[in-house]
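Below: one structure, written as structure tokens.
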Amino acid sequence: MIRAILVILTVLFAGVVHADEYARLVQILDRGLETYLQLNPERRAYLGMKQDNDKWTPRDEEQDKRMHDNAVSTLNELKSVSRKGLAEQGRHQLDVATFFYAQQVESYRWRHHWYALSQLESPVDDVTAILINYHPVENLADARAFIVRLTRVSEVVDDVIAGIKLRAAKGVRPPSFVYPKIIENTQGLLLGKPFEDVNNESLLLSSFRERVTALGLSDELVTRAEQVLVSDYQPALLRYIEFLKASQKDTNEDDGVWKLPDGVAFYRAALRRYTTTDLGADEIHERGLEEVARIHDEIRQIMVKVEYKGSLQDFFHYMRENPRWYYPETDQARRDYLADTNVAIERARGLIDTYFNLKPKADVVVKRVEAFREKNTSAAFYMSPALDGSRPGTYYVPLYRMKDNPRWDMVTTALHEAIPGHHMQIAIAREQKDVPLQIRLISFGAYTEGWALYAEFLAKEMGLYEGRPYMDFGRLVGELFRAVRLVVDTGIHSRRWTRQQAIAYMARNTPYSEGYISGEIERYIVWPTQATSYKVGMLSILEARERARAQLGSDFDIRAFHDVILGQGSMPLKILQGRVEAWSMRIED
């Protein structure tokens, strides 16, 4: 009797310890996140929060220091949390947060090695996209905040120019090909009224007008927005364009980060950041070559199925050049592409219950990338839903050149970005109310992109390519593409490949068009190591799954496995592996 009472008291006491220490962990995470959000109004807008929605995030040294200080203080607090005082879920969240903040602290050293702008991420484009897509206009206060933000675009321009100058003084300049693309994008923001005397309004003005009109607010708001666009926004962008034109003269054709001060060490750090592993450039390069060879063999099996006679290169040429595989360059074809994409997503949605217990409440919609940034957007991308459910997840598709969007690639890309890919993973993470918000928002590239590439593979197991060998070819090409990235990213930044060498390798080994390949290689040049995260992450998830399947045999449940992967949000790959292993051992016992 006494022993039973002692056991009960021990359990109750342990529960109190767990509750107290876990509450402390949550407080630390909430405090770190709130400080981060206070420093980043644009992140609040992206999440659907309205605080400070008349401000922009600073892009200066003081901001970097404030962010670093928050990371250091939060990390130090996390180190004081007792693992023994936490249950399993709390220990997992502590490990994820500790890794994340340690990574942020390490990244501060390399903050000037990342380019201040690129054809992928120009801050002026970014703030304009926020005003069009994410700044809410639901009442008069929101509309006024929109106009204030317009007047403050000049602050963003000033910060960006100062950042470019600071990096240039340290020997960090983007390659020369970047500048004409950014200039073209920025000039595209100044098309239409009120900048030009033409029939069409600029996208920025028309989006504001539509929302103000829908609310029945005063036309004086639109008039004021027009005035600010001409008096503040346009001069700031013109000043930005002139600075870029002048800066372009000081660049060169060298592409890899090996050219930067301490470039080799920076690349190692960047690989750790995006893969969340200690894999070196040579190991990643060799793994990429092995995967390219393996996937080529699987494509040859597709060639047998479709009775294609010829070499692999002949087949690539056929899939790349035959008009059968492309939508026409017409507006109707672009609408057809979006409609077909929705059909593919709905097919996947209909099979979700067989493979997932956890499912997102938020919907996902498909949109074409806005005209002002579409031409230089090389790939489709996903934007997550608002936390409050006021905005769905969005799959953005660039349709400027239909030749860059082959029919055989459409299904795989849709599944990667939407269901069961990014939308499933990110929306599910955001909706786990029993998980601290900080953990729900954290993102590690190898996990996030690894999941989306795994989702392409899972789609085959779901039967979405059954009887459709050419669509399955598209799936294999998607995986091949990410394997090639391991080779070309390390080739450019570690082995000093030129841009043309990298383009030539990708052209030999994939069926994509030259224009698409050029855009992709330029992406890897300005965003080193990010492209390695996809394949590294996918391989890690598959390896964890197959180990669990081998250990559990008939007790293995794919839905339960996906719960383990998705139920706590993003995580480093080592933690993912450990989480799956612990789950397998519990099920086996």
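The values are calculated or read from the model by the stated rules, or taken from the named source; none is laboratory data. Since we're looking at a predicted model, the values are computed, not measured. Cβ atoms come from the backbone with ideal geometry, glycine included; neighbour counts cover every protein chain shown.
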Check your understanding: Can you pull out the helices (runs of 4 or more DSSP H) entirely within the range 508-577 that have at least 1 residues that are assigned by TED's automatic domain parsing to the domain that holds residue 285 and not charged (D, E, K, R)?
Key -> 514-526, 533-552
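Table: residues versus (1) in contact with a helix residue (DSSP H, G or I) (Cβ under 7 Å, 6 or more places away or on another chain); (2) within 30 Å of residue 27 (Cα to Cα); (3) surrounded by 24 or more Cβ atoms within 10 Å (Cβ to Cβ).
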residue	(1), (2), (3)
402	yes, no, no
410	yes, no, no
414	yes, no, yes
421	yes, no, yes
425	yes, yes, yes
431	no, yes, no
445	yes, yes, no
455	yes, no, yes
Check your understanding: Of all helices (runs of 4 or more DSSP H) completely enclosed by the range 381-444, which ones contain at least 2 residues that are over 30 Å from residue 87 (Cβ atoms) and in contact (Cβ under 8 Å) with a residue 60 or more places away in the chain?
Key -> 407-417
Review point. Any idea which of 281, 214, 246, 270 is farther than 24 Å from residue 154 by Cβ and free of Cβ contacts under 8 Å to residues at least 12 places away in the same chain?
Key: 214
Point to revise | Selection status of residue 466, of a type in the set (Asp, Glu) and either outside any helix (DSSP H, G or I) or in contact with a Phe, Trp or Tyr (Cβ under 7 Å, 6 or more places away or on another chain) (or both) | key: yes
Review point. Within the range 177-210, how many residues are of a type outside the set (A, V, I, L, M), buried (at least 16 other Cβ atoms within 10 Å of the Cβ) and under 28 Å from the mean Cα position of the chain (by Cα)?
Key: 9
Practice item. Sort out for me the helices (runs of 4 or more DSSP H) sitting completely within the range 120-175 that have 3 or more residues that are within 18 Å of residue 245 (Cβ to Cβ). Key: 123-133, 153-169
Point to revise | Answer residue from the range 388-426, given it is acidic (Asp, Glu) and within 30 Å of residue 51 (Cβ to Cβ) and is nearest to the chain's Cα centre (by Cα) among those | key: 417
Practice item. Scan the range 212-221 for residues that are surrounded by fewer than 19 Cβ atoms within 10 Å (Cβ to Cβ) and not in a loop (DSSP other than H, G, I, E, B) and report the count. Key: 5
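Every residue, every condition in (1) out of contact with any helix residue (DSSP H, G or I) (no Cβ under 7 Å at 6 or more places or on another chain); (2) in contact (Cβ under 8 Å) with a residue 24 or more places away in the chain; (3) buried (at least 16 other Cβ atoms within 10 Å of the Cβ); (4) over 29 Å from residue 373 (Cα atoms), yes or no:
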| residue | (1), (2), (3), (4) |
| --- | --- |
| 25 | no, yes, yes, yes |
| 38 | yes, no, no, no |
| 52 | no, no, yes, no |
| 56 | no, yes, yes, no |
| 62 | yes, no, no, yes |
| 127 | no, yes, yes, no |
| 130 | no, yes, yes, no |
| 141 | yes, no, no, no |
Practice item. Determine whether residue 57 is assigned to a loop (DSSP other than H, G, I, E, B) and β-branched (Val, Ile, Thr). Key: yes
Check your understanding: Regarding residue 148, is this residue aliphatic (A, V, I, L, M) and either free of Cβ contacts under 8 Å to residues at least 24 places away in the same chain or buried (at least 19 other Cβ atoms within 10 Å of the Cβ) (or both)?
Key -> no
Practice item. With respect to residue 301, determine if the residue is part of a helix (DSSP H, G or I), over 20 Å from residue 403 (Cβ atoms) and more than 26 Å from the chain's Cα centre (by Cα). Key: yes
Exercise for review: Take the range 207-253 and flag every residue that is more than 25 Å from residue 371 (Cβ to Cβ) and in contact with a Phe, Trp or Tyr (Cβ under 9 Å, 6 or more places away or on another chain).
Suggested key: 247, 251, 253
Review point. Which one of these is outside the structural domain of residue 169 (by TED's automatic domain parsing), farther than 23 Å from residue 439 by Cβ and hydrophobic (A, V, I, L, M, F, W, C): 117, 75?
Key: 117
Exercise for review: Can you tell me which residue within the range 362-398, out of those that are among the hydroxyl-bearing types (Ser, Thr, Tyr) and closer than 24 Å to residue 518 by Cα, is modelled with the lowest pLDDT?
Suggested key: 378
Check your understanding: Out of all the residues in the range 510-529, which are modelled with pLDDT of 90 or more and either in contact with a strand residue (DSSP E or B) (Cβ under 7 Å, 6 or more places away or on another chain) or among the acidic types (Asp, Glu) (or both)?
Key -> 520, 522
Point to revise | Test: residue in the range 469-486 that is out of contact with any helix residue (DSSP H, G or I) (no Cβ under 6 Å at 6 or more places or on another chain), in contact (Cβ under 8 Å) with a residue 40 or more places away in the chain and surrounded by fewer than 20 Cβ atoms within 10 Å (Cβ to Cβ) | key: no
